[in-house]
Structures are given as structure tokens and as C-alpha cells.
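Report on one structure; see the data block that follows.
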Amino acid sequence: DLKNIIESEIKENSLRQGFPKSVSVHIEKIRKKKSTYHKNFKEIPFVTIDGEDSRDFDDAVWSENKNNKTKIMVAIADVSFYVEKNDLLDLEAKKRGNSFYFPDRVIPMFPTEISNDICSLVPNEEKLCIVVEIELNKNVVSKFEIHRAKIMSVARLTYKQVDEIYYLKDSKNKYFELIKNLFESYRVLDIN
């Protein structure tokens, strides 16, 4: 059956399961870490858009289109602020290489306290990110910056929700304008 096939693949490929106890102590230190140099972008209404069963939200988006100008911001969770080169978590992640997704489970590269909590861009919580900011003027890139920033996602949306809001033109939905801007920005980028 499927469970036996998955167990066999995990064993054959020597996939690491579970984490050493020392990782738990390290995570508690990470939770207390504070930044003094991430810019405040919390006023920008970023949203995450993922599958319905996603648990770790590692990127958020926002865009605006006015007078032939397009501004796009993509925020990626700033894992590197918490996981430093050659620290306990970095060495463990190097041994794993990546997360492994199976139909009935995930074997994560990082403990869930990192991927689903500390670094997950859940709504209404301040999170540290790397933000790529791009401005286009008449479809030509006029500005490009990368920031370390604090953001606060305003919503956890799914692909299905976004499609329904946009294609049904649900203008009463509080995220309609934001989603409409994202689709407009996509068209601008698709032209280029």
C-alpha cells in the first residue's frame, strides 16, 4: 500500500526524520532574536497566496498600478536572519538538502517551529522578510531595490479564492482591488 511504498522510499534514500534535541534549545534562542535594521513595511497590505492545504507561507505579494506606473513588491521570509551560516540549524539543513513532500506527510528541511511559525508569513503578525521592490514606468523597469523589512500580511488567500474574487469580479470583497492590481501587474510583466 501507499504507506509502505513511502516508508520504503524514505529508508532507501536515507532521508533524515526528526531533529536532534539540541535543535529545540537553539530554536528557543532564535525566538528571542530581534532585528534593529529591517525597514518598516507593515503599512503595505501584503497577502500570501498558496494552495488550500499549505502550512508554511514563505512569500507574500503586493502591487499597485497608476498612471502607466506599476509598483510590485515580493516579500520572502528572511530565514537567513534566524538561521546563520554553519549554526546548528544550517548544518542540519545541509544534511537534508530540502523538504520532501509525500501524499501523507512532509519531511521538512527545518523544524516546523521555523517553517510554520517563526518564519511563516501568517496574517496579522509582524514577520521579517527580504523584499524585492520593482517599479516599472510604461512597462520599463525604472527602479529596483532589495530591502530587509518587517511586514504584516493582511490575508492568507488560496489560488481558488483569488480566482473566484477576480474572475467573478467580486468588487465587494475587501481584497478585490489588491487582487485586481496583482493581475494587472502580471499582464504588464507578461508583455515584457
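Restricting attention to region 63-97, report how many residues are among the polar types (S, T, N, Q) and on the phi > 0 side of the Ramachandran plot.
3
Can you pull out the residues in region 100-128 that are β-branched (V, I, T), in a helix (DSSP H, G or I) and open to solvent by 60 Å² or more (accessible area, probe 1.4 Å)?
Within region 100-128, T112 is the sole residue that qualifies.
Across region 1-25, which residue is least open to solvent (accessible area, probe 1.4 Å) among those that are assigned to a loop (DSSP other than H, G, I, E, B) and either under 12 Å from P111 (Cβ atoms) or in contact (Cβ under 8 Å) with a residue 24 or more places away in the chain (or both)?
Taking the candidates together, the pick is L15.
What is the one condition in (1) under 21 Å from the mean Cα position of the chain (by Cα); (2) open to solvent by 90 Å² or more (accessible area, probe 1.4 Å) that K69 does not satisfy?
Unmet condition: (1).
Would you check which residues across region 122-156 are among the small types (G, A, S) and within 16 Å of the chain's Cα centre (by Cα) and list them?
If the condition is that a residue be among the small types (G, A, S) and within 16 Å of the chain's Cα centre (by Cα), then A149, S153, A155 are the ones that fit.
Within the bounds of region 130-139, is there any residue that is modelled with pLDDT under 95 and of a type in the set (K, R)?
Taking every residue of region 130-139 in turn, at least one turns out to be modelled with pLDDT under 95 and of a type in the set (K, R).
Only residues that are assigned to a strand (DSSP E or B) and either open to solvent by 40 Å² or more (accessible area, probe 1.4 Å) or without any contact (Cβ under 8 Å) to a residue 12 or more places away in the chain (or both): list them for region 135-147, please.
Within region 135-147, E135, N137, V140, V141, S142, K143, F144, E145, I146 qualify.
Among the residues of region 148-192, write down those that are open to solvent by 100 Å² or more (accessible area, probe 1.4 Å) and among the charged types (D, E, K, R).
K160, K169, K172, K174, E177, R187, D190 - these are the residues of region 148-192 that are open to solvent by 100 Å² or more (accessible area, probe 1.4 Å) and among the charged types (D, E, K, R).
Any idea which residue in region 89-99 is farthest from the chain's Cα centre (by Cα), counting only those that are closer than 17 Å to V25 by Cα and open to solvent by 20 Å² or more (accessible area, probe 1.4 Å)?
Among them, the one singled out is L91.
Any residue that is open to solvent by 40 Å² or more (accessible area, probe 1.4 Å), more than 13 Å from K150 (Cβ to Cβ) and in contact with a Lys or Arg (Cβ under 9 Å, 6 or more places away or on another chain) - is there at least one of those in region 28-49?
Within region 28-49 (the criterion being open to solvent by 40 Å² or more (accessible area, probe 1.4 Å), more than 13 Å from K150 (Cβ to Cβ) and in contact with a Lys or Arg (Cβ under 9 Å, 6 or more places away or on another chain)), the answer is no, since none of the residues qualifies.
Can you tell me which condition S63 does not meet? The list is (1) among the polar types (S, T, N, Q); (2) at pLDDT 95 or above; (3) open to solvent by 20 Å² or more (accessible area, probe 1.4 Å), and all the others hold.
Going through (1) among the polar types (S, T, N, Q); (2) at pLDDT 95 or above; (3) open to solvent by 20 Å² or more (accessible area, probe 1.4 Å) one by one, S63 breaks only (3).
Within the bounds of region 78-88, is there any residue that is out of contact with any strand residue (DSSP E or B) (no Cβ under 9 Å at 6 or more places or on another chain), open to solvent by less than 40 Å² (accessible area, probe 1.4 Å) and closer than 22 Å to K39 by Cα?
yes
The values are calculated or read from the model by the stated rules, or taken from the named source; none is laboratory data. Model, not experiment: these values are computed from the prediction. Cβ: placed from backbone, ideal geometry, glycine included. Neighbour counts: every protein chain shown. All accessible areas refer to the heavy atoms of the entire protein, side chains included, with ligands and DNA or RNA removed. Shrake-Rupley method; radii C 1.70, N 1.55, O 1.52, S 1.80 Å.
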